[in-house]
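Trainee: Below is the structure I would like to discuss, written out as structure tokens.
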Amino acid sequence: MLDAKKALKDTARIVNILAVLSVAVPLLLYAIAAWFSYHAHFVDAQRRLESTADVVREHAIKVFDTHLLTTLTVNEILRGMSEDQILSRQDEINRRLKNVIQGLPQIQDAWVLDLKGFLIANTFAAPPGRDYSDREYFKVFQSGAKIVPETYLGGLLKGRFEGSIFFTVATARRDANENFAGVISSSVNPGYFGDFYKQVAETGFSAVSLFREDGAILARFPGSHENLLNYPKWTMLTEKVSANPREGFLDGVKTIDGVERQVAYSRVTGYPVYVTVSMNRSTIIGAWLEQMTTWALIVLPVIFALLGLSLVALRYTRKEAVALERLRREMSLRETSEAQLRQLQKMEAIGQLTGGIAHDFNNLLTIIIGSLNLMQRRMARGETDVIQFVDGAMDGAKRAATLVAQLLAFARKQPLEPKPTDVNRLLTGMSDLLQRTLGGQVMVETVQSGGLWLTNIDANQLENALINLAVNARDAMPDGGKLTLETANTYLDDEYCVTHAGLTAGQYVVICVTDTGAGMPPEVAAKAFEPFFTTKESGRGTGLGLSQVYGFVKQSNGHVKIYSEIGHGTTVKIYMPRYIDSVASAEVKRETS
Ligand code: ADP
Ligand code: MG
């Protein structure tokens, strides 16, 4: 019971732990998956940014190579020509320049400046002589600074005359002696890059840009050309790329518009420009959160299902614990009530015993006192004929003595004189007495086992016991029947003795007394040995017969048991311990040795 309670408690604890685990484990797994997924999203973004930056760089190289080629072509056209010669053949030269850039959408215009920065040839039909000497790209070449590579990229400009926005790609013009002879320049519409960058950005990027190496913006998507003019230099790029000038990755930098981005940059080989491709961190985190939401939709039902299951299990365990507790209480209640019942039965038996003794003794005392009274009166009258009253008093006193003897027998306090007895011989000697006791209607049969062991017993009391059993058998067979007395050697084993208090295992002589009478119900058999217990009408039964048998057998270290079935008769078995003659067995031993 206690074990079951403890086991149930353990189960409850395990179920509790399971309930917690069913939530904690999926949550933990989810958290781990979320952590990995978060990083995977950023790693994936970086990979995509870097490979896209490569594509954008290759595009820029192609564009700038075209400019370089154009410049070289223009240089060839003008090679060996003086300024005057160029101006005198102006129309022809302008037409030839136009031919060069024809079909090259990446080149908006091309023009040539002389040593002082005045326009001498162009593709935009402007009259010669315009002053461009204040333009940055001109000043750089005029100052004679060494440009590496030989191409100079000007910042974004708004055309002075046409108002369009562009940036310039310029190289020096060399005369026949390779001396500086002015500048050949072409202009690029940032929109040409912008269109391409737009297509790129639409594959999942927030911005694609073209920067000069000093951080000045040249082209970008998104953003209008007008806006680009107002962009400050992104000096941070210049700082960041110094560590890794060819290509690299910027993790979470604030770009010029103040938005935090992941940026991949790549140097355009041969030109002082960088391309950058960027992605908003919020976009990456958004994609990650979206995935997390999908996963949560899968994980949450699992958690709820597991939690529900363990809660159901917990409820059942609790219910079981409550049921067990109730059972335990009921069992202890039943135990107490059984103990109370036993106590009641004991009290009833004692009451019956006391009442029986008092009643029987009172009857006997009445007989004795009555006889003595009559005797007294006769003797007072001088009469001497009192012998019949003396006999009456004596008879009453003797019956009282018998009653006391019977009670003593039950109390196992009667004086016994045990002697080694051959029960077979005792039975043979009793056969007449038995037949007389049973009357003519009952047949007696004796089955005597050969080689019956001796038993140390008071023979007179055993006879008394057998007479008591015979009387009961007769009472149970009013219409006649058969009484069988059977003797045998037997062995009572440990298993039998454990279930019968006060018995020791060993060898016994057994006498079975069987009648073919009415039998008795179990509740009568259970009380049959109690003194004064009788089912017979008053005057016929005393209720002391079986109690004598019981007390005597127990006092002789034996055992007695009733087997009875209503309508099938009764068997009473009396077991008496085997008597072993130590002297005789010692002699036997001596003889054999
Ligand atoms: P009494 O014979 O005076 O009633 P016992 O102690 O001898 O008292 O027997 C007690 C009771 O056991 C009997 O009243 C009877 O009900 C029952 N009993 C005893 N022996 C037998 C038997 N052989 N067959 C049926 N009932 C018996
Ligand atoms: Mg009797």
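The values are calculated or read from the model by the stated rules, or taken from the named source; none is laboratory data. Here the structure is a predicted model, which is why all the values come from computation and not from measurement. FYI the Cβ positions are ideal-geometry reconstructions off the backbone, even for glycines, and counts take in every protein chain you see.
Trainee: Does the stretch 195-244 hold any residues that are exposed (fewer than 12 other Cβ atoms within 10 Å of the Cβ) and either at positive phi or not polar (S, T, N, Q) (or both), and which are they?
Mentor: Residues satisfying the conditions are Glu202, Glu226, Pro232, Glu239, Ala243.
Trainee: Now a separate question. So, Leu462, is that one closer than 21 Å to Phe552 by Cβ, within 12 Å of ligand 1 (Cβ to nearest atom) and crowded, with 20+ Cβ neighbours inside 10 Å or not?
Mentor: Judged against the criteria, Leu462 is not a match.
Trainee: Would you be able to tell me the number of residues in the stretch 515-528 that are in contact with a strand residue (DSSP E or B) (Cβ under 7 Å, 6 or more places away or on another chain) and within 16 Å of ligand 2 (Cβ to nearest atom)?
Mentor: Total meeting the criteria: 6.
Trainee: Right, here's the next one. Test Leu427 against the stated conditions and say whether it is closer than 16 Å to Thr487 by Cα, of a type outside the set (Asp, Glu) and in contact (Cβ under 8 Å) with a residue 12 or more places away in the chain.
Mentor: Yes.
Trainee: When residues of the stretch 227-248 are filtered for being in a helix (DSSP H, G or I) and more than 15 Å from Tyr192 (Cα to Cα), how many remain?
Mentor: 9
Trainee: For the stretch 518-546: of the residues being at pLDDT below 90 and not in a loop (DSSP other than H, G, I, E, B), which is farthest from ligand 1 (Cβ to nearest atom)?
Mentor: Going through the qualifying residues, I end up with Ser538.
Trainee: May I ask you to list the residues in the stretch 466-502 that are of a type in the set (D, E, K, R) and away from ligand 1 (no atom under 16 Å from the Cβ)?
Mentor: Answer for the stretch 466-502, where residues must be of a type in the set (D, E, K, R) and away from ligand 1 (no atom under 16 Å from the Cβ): Asp493, Asp494, Glu495.
Trainee: Tally the residues that are more than 29 Å from Ser282 (Cα to Cα), touching a residue at least 60 places away in the same chain (Cβ under 8 Å) and of a type outside the set (A, V, I, L, M, F, W, C), restricting the search to the stretch 12-50.
Mentor: 2
Trainee: Here are Gly551, Gly502, Gly545: which of them is at positive phi and of a type in the set (Gly, Ala, Ser)?
Mentor: Of the residues listed, the single one that is at positive phi and of a type in the set (Gly, Ala, Ser) is Gly502.
Trainee: Looking at the stretch 547-559, which of its residues are more than 8 Å from ligand 1 (Cβ to nearest atom), among the small types (Gly, Ala, Ser) and under 21 Å from Thr402 (Cα atoms)?
Mentor: Scanning the stretch 547-559 gives Gly551, Ser556.
Trainee: For residues that are part of a helix (DSSP H, G or I) and either more than 16 Å from ligand 1 (Cβ to nearest atom) or touching a Gly at 6+ places or on another chain (Cβ under 6 Å) (or both), tally how many sit in the stretch 422-446.
Mentor: Qualifying residue count, the stretch 422-446: 13.
Trainee: Only residues that are part of a loop (DSSP other than H, G, I, E, B) and within 16 Å of ligand 2 (Cβ to nearest atom): list them for the stretch 447-501, please.
Mentor: Of everything in the stretch 447-501, those that are part of a loop (DSSP other than H, G, I, E, B) and within 16 Å of ligand 2 (Cβ to nearest atom) turn out to be Met477, Pro478.
Trainee: State yes or no: is Leu119 buried (at least 16 other Cβ atoms within 10 Å of the Cβ), part of a helix (DSSP H, G or I) and hydrophobic (A, V, I, L, M, F, W, C)?
Mentor: Criteria not met by Leu119.
Trainee: Among the residues of the stretch 53-71, what is the count of those that are β-branched (Val, Ile, Thr) and touching a helix residue (DSSP H, G or I) at 6+ places or on another chain (Cβ under 8 Å)?
Mentor: Selection size over the stretch 53-71: 4.
Trainee: I'd like to know if the stretch 378-387 contains one or more residues that are farther than 25 Å from Arg540 by Cβ, of a type outside the set (Lys, Arg), surrounded by 11 or more Cβ atoms within 10 Å (Cβ to Cβ) and more than 60 Å from the chain's Cα centre (by Cα).
Mentor: Within the stretch 378-387, one or more residues are farther than 25 Å from Arg540 by Cβ, of a type outside the set (Lys, Arg), surrounded by 11 or more Cβ atoms within 10 Å (Cβ to Cβ) and more than 60 Å from the chain's Cα centre (by Cα).
Trainee: Do we have Phe361 as touching a residue at least 40 places away in the same chain (Cβ under 8 Å) and either exposed (fewer than 11 other Cβ atoms within 10 Å of the Cβ) or of a type in the set (A, V, I, L, M, F, W, C) (or both) here?
Mentor: Here the answer is yes, as Phe361 does meet what is asked.
Trainee: From the set of residues in the stretch 541-555 that are touching a Ser or Thr at 6+ places or on another chain (Cβ under 8 Å) and of a type outside the set (Val, Ile, Thr), which is surrounded by the fewest Cβ atoms within 10 Å (Cβ to Cβ)?
Mentor: Gly541
Trainee: Kindly list the number of the only condition in (1) touching an Asp or Glu at 6+ places or on another chain (Cβ under 9 Å); (2) modelled with pLDDT of 95 or more; (3) crowded, with 17+ Cβ neighbours inside 10 Å that fails for Lys482.
Mentor: (3)
Trainee: Same structure, new question: Check off (1) within 16 Å of Lys398 (Cα to Cα); (2) surrounded by 14 or more Cβ atoms within 10 Å (Cβ to Cβ) for Gln352 and give me the number that stays unchecked.
Mentor: If we test Gln352 against (1) within 16 Å of Lys398 (Cα to Cα); (2) surrounded by 14 or more Cβ atoms within 10 Å (Cβ to Cβ), just (1) comes out false.
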